[in-house]
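Participant: Got a structure for you, written out below as structure tokens; questions coming shortly.
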Amino acid sequence: MTKSLPKVECIARARIPTTQGPDIFLHLYTNDQDNKEHLAIVFGEDIRSRSLFRQRPNETQQDRMIRGAYVGKLHPGRTIADKDDRLGLQLHFDTNGELLPDYNFTTWDSAKNSTLVRIHSECYTGENAWSARCDCGEQFDRAGKLISLDVEPETGIKGGNGHGVIVYLRQEGRGIGLGEKLKAYNLQDLGADTVQANLLLKHPVDSRDFSLGKSILIDLGIENVRLLTNNPDKINQIDYPPILKCVERVPMVPIHWTDANKGIDSKEIEGYLRTKIERMGHLLTEPLTLHSSEQQQHITKQEQHSCSTHNTANTETDSTIVTSTTKRDNAKIINA
Ligand SMILES: [Zn+2]
């Protein structure tokens, strides 16, 4: 039985020029599950939200431009949202006002082009407070970089070449909120690991829910996903065939593991990553000593895995099984 999907609606979209290179299009979503402002950071003007572009009764072309439901690029004096004369682009709609995708000109064809996707959960400390307790900030930056690039020179990983989506879900601290996360940090300073700390606070180990991410990707017309993750549970939560298929897992190996001079180097993050691998079943290479140069030589090249090879074996909750599965996976990466 498949659980019905949350309903999402994109209420606004805007172009954001970035310091990293390409413009991105920030999409703000509402939904029927919570009152939080979940986001999609979209690379590529032609990846279109169906709910945003749907025509609304009595709205003007100006209204549509203000909501961000326009094709091409805005410029002073432009009056029509559905048509960009300068770029020669025009959108078409059916009689119900639904966008008719035009895969040759105005709409990204995700069935033909697998799309690089990251489902990212908000982490205030990792993204804004320079925290070295976790790698969320690094993963967020890396996802944006990979989506922009054709190929990542250091690893040979195929990027998105300017097309891709980072879904940004407001579920701070694995879903427990920032206040509780700060308490968990104090418990970690008292000797608990991240899993024990959550349990001591009477929270689940991980209360995140990625189903909103699934609905947002479907709304954006994404079909075939190359998912940037080490988390097998995320792969299972996103896969929704035949509408949304995870066709490849692209691993996110910590930068510090491949280059000792870069990335996050702290005692706290070693413990954090170790717990992710050993107790949460994350599919990461597990160096026995994170800083030994011998290990680092082994992890110079990342292997891109097909999702299907990981879907069944790694979802066990028994930590013993998870650990042994992870070790099998490690062997695969190290031998690659
Ligand atoms: Zn974090």
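Participant: I'd like to check something: does the stretch 172-190 contain any residue that is out of contact with any Ser or Thr (no Cβ under 9 Å at 6 or more places or on another chain), within 21 Å of Ile255 (Cα to Cα) and not in a loop (DSSP other than H, G, I, E, B)?
Facilitator: no
Participant: While we're looking at this one, here's another question. Counting only residues that are of a type in the set (D, E, K, R), out of contact with any Phe, Trp or Tyr (no Cβ under 6 Å at 6 or more places or on another chain), surrounded by 15 or more Cβ atoms within 10 Å (Cβ to Cβ) and in contact (Cβ under 8 Å) with a residue 60 or more places away in the chain, how many does the stretch 10-61 have?
Facilitator: Of the residues in that region, 3 qualify.
Participant: So, in the stretch 248-273, exactly how many residues are of a type in the set (Val, Ile, Thr) and touching an Asp or Glu at 6+ places or on another chain (Cβ under 9 Å)?
Facilitator: Number of matching residues: 4.
Participant: Taking Lys234 and the conditions (1) among the charged types (D, E, K, R); (2) more than 27 Å from Ser51 (Cβ to Cβ); (3) within 16 Å of the ligand (Cβ to nearest atom), which numbered condition does it fall short on, given that it satisfies the others?
Facilitator: (2)
Participant: Okay, moving on. Which members of the stretch 197-210 meet the condition of being assigned to a helix (DSSP H, G or I) and surrounded by fewer than 17 Cβ atoms within 10 Å (Cβ to Cβ)?
Facilitator: Selection gives Leu199, Leu200.
Participant: In the stretch 126-171, what count of residues is obtained for those that are assigned to a loop (DSSP other than H, G, I, E, B) and of a type in the set (Lys, Arg)?
Facilitator: Within the stretch 126-171, residues that are assigned to a loop (DSSP other than H, G, I, E, B) and of a type in the set (Lys, Arg) number 2.
Participant: Something else: Residue check: is Glu154 surrounded by fewer than 20 Cβ atoms within 10 Å (Cβ to Cβ), acidic (Asp, Glu), away from the ligand (no atom under 16 Å from the Cβ) and modelled with pLDDT of 95 or more?
Facilitator: no
Residues are listed down the side, and each one gets a yes or a no for (1) within 16 Å of the ligand (Cβ to nearest atom); (2) surrounded by 19 or more Cβ atoms within 10 Å (Cβ to Cβ); (3) over 25 Å from the mean Cα position of the chain (by Cα):
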{"residue": "Gly68", "(1), (2), (3)": "no, yes, no"}
{"residue": "Gly77", "(1), (2), (3)": "no, no, yes"}
{"residue": "Gly88", "(1), (2), (3)": "no, no, yes"}
{"residue": "Asp102", "(1), (2), (3)": "no, no, yes"}
{"residue": "Thr115", "(1), (2), (3)": "no, yes, no"}
{"residue": "Tyr124", "(1), (2), (3)": "yes, no, no"}
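Participant: Just name the residue that is farthest from the ligand (Cβ to nearest atom) out of those in the stretch 128-150 that are closer than 23 Å to His163 by Cβ and among the charged types (D, E, K, R).
Facilitator: Among those that are closer than 23 Å to His163 by Cβ and among the charged types (D, E, K, R), it is Asp150.
The values are calculated or read from the model by the stated rules, or taken from the named source; none is laboratory data. Just so we're clear, the structure is a prediction, and the values are computed from it rather than from any experiment. So basically every Cβ, Gly included, is an ideal-geometry build from the backbone, and we count neighbours across all protein chains shown.
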